[in-house]
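S.K.: After the structure tokens below, expect a handful of questions from me.
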Amino acid sequence: MEHDPRSNGTDLLAAAAVGATAAVAGTRILARLTRGRFGDAGEYNVAKVSVSGPITRDTGRPSPLSGPGGATADDVVEQIESADDDENVEALVVELNTPGGEVLPSDDIRRAAAAFDGPTIAYATDLCASGGYWIASGCDELWARDASLVGSIGVVGSRPNAAGLADKLGISYEQFTAGEYKDAGVPLREIEDDEREYLQGIIDGYYEQFVETVSEGRDMDPDAVRETEARVYLGSDAAEIGLIDELGTEDDVETRVESLIGAAPEIREFEPDRGIAERLGLGAERVAFAAGSGVASVFTDEGGDVDVELR
């Protein structure tokens, strides 16, 4: 089989194109990762923090595929406290797009927002449910869009029941405990009625705490909170029953902030304070991902019979 010398030129051009793409992507990524750590961050007088996705204590390092979003509760608390310590910051905007999550991490963020020294506005984008609403109750005002989903003031607890499977596989359960309810809810045996009552009592206790937190933070009657029955509401309906203060866009929120601080708002988004090694490490991962994506596209386009997908 003869070798076509022109193929060397084609391969080199393809490799150069991939390398250039990766270099450009790498430059942009590293610039974004180091922004705020080096150089002048610009004029600002309002801090913005985002709560996006399920609320947890810690989910590990962010993925190079997912970008910088999805901060953990500890990250968000750190951002709010950094904003509170920043003498340039006069107001705080908490952007919420979350289905909720763990109780204590949600309460940690709420407490940090409530302790902020200045006006605080929570802004619901797509979804502000359950733990997200718990957080919002710590802010001075809650804004949402007409089509935002808001509410879900309730608590859920669950346990797997693998007792039937264990019987089928011939697996028996034996555990040695001290204290009657130490192994309540263990999944390898059927739950007893008194254990179910005990565990339901814990969920009920969390729910009453949720109702009390919302009632105090939103200045709502506790019975009115319970009457929502953990439903989610469109923003327009939530406004009618007092679950939110105002309907509006992000521009409307900025106008409201301007009226609160008496100056045109210059907003800076506070992000997790990761060390430079971690930021550069994550940048290198994203550069590698960009390069791999470029190589994959070359093979797919030219070969025609290779289907490569990177997720």
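None of the figures in this text is laboratory data; all of them are computed from the coordinates on show. Bear in mind the structure is a predicted one, so any value in this text is a computation, not a measurement. With ideal geometry, Cβ positions are generated from the backbone for all residues, glycine too; neighbour counts draw on all protein chains shown.
S.K.: Would you list Thr98, Thr249 from fewest to most Cβ contacts within 10 Å?
M.R.: Taking fewest neighbouring Cβ atoms as first place, the list is Thr249, Thr98.
S.K.: Check Ala91: other-chain or 5+ apart residues with amide H under 5 Å from its amide H, H built from backbone geometry?
M.R.: Residues meeting the amide H criterion: Ala47.
S.K.: Which net charge results for the neighbourhood of Leu104, defined as the other residues with beta-carbon distances under 13 angstrom from its beta-carbon, given Lys and Arg at +1 and Asp and Glu at -1?
M.R.: Here the charged neighbours net out to -2.
S.K.: Run the numbers for Leu165 and Ile191: contour at 0.36 nm per residue of separation, minus the present Cα-Cα distance, in nm.
M.R.: Full-extension gain reported as 7.9 nm.
S.K.: Please compute the contact order of the range 157-221 in relative form: average sequence separation of alpha-carbon pairs under 8 Å and at least six residues apart, divided by the residue count, as a percent.
M.R.: Result for the range 157-221 is 30 percent.
S.K.: Between the range 119-139 and the range 185-254, what's the alpha-carbon centroid distance in Å?
M.R.: 13 Å
S.K.: Exposure proxy check: Ser259, Ser50 ranked by fewest other beta carbons within 10 Å?
M.R.: Ser259, Ser50
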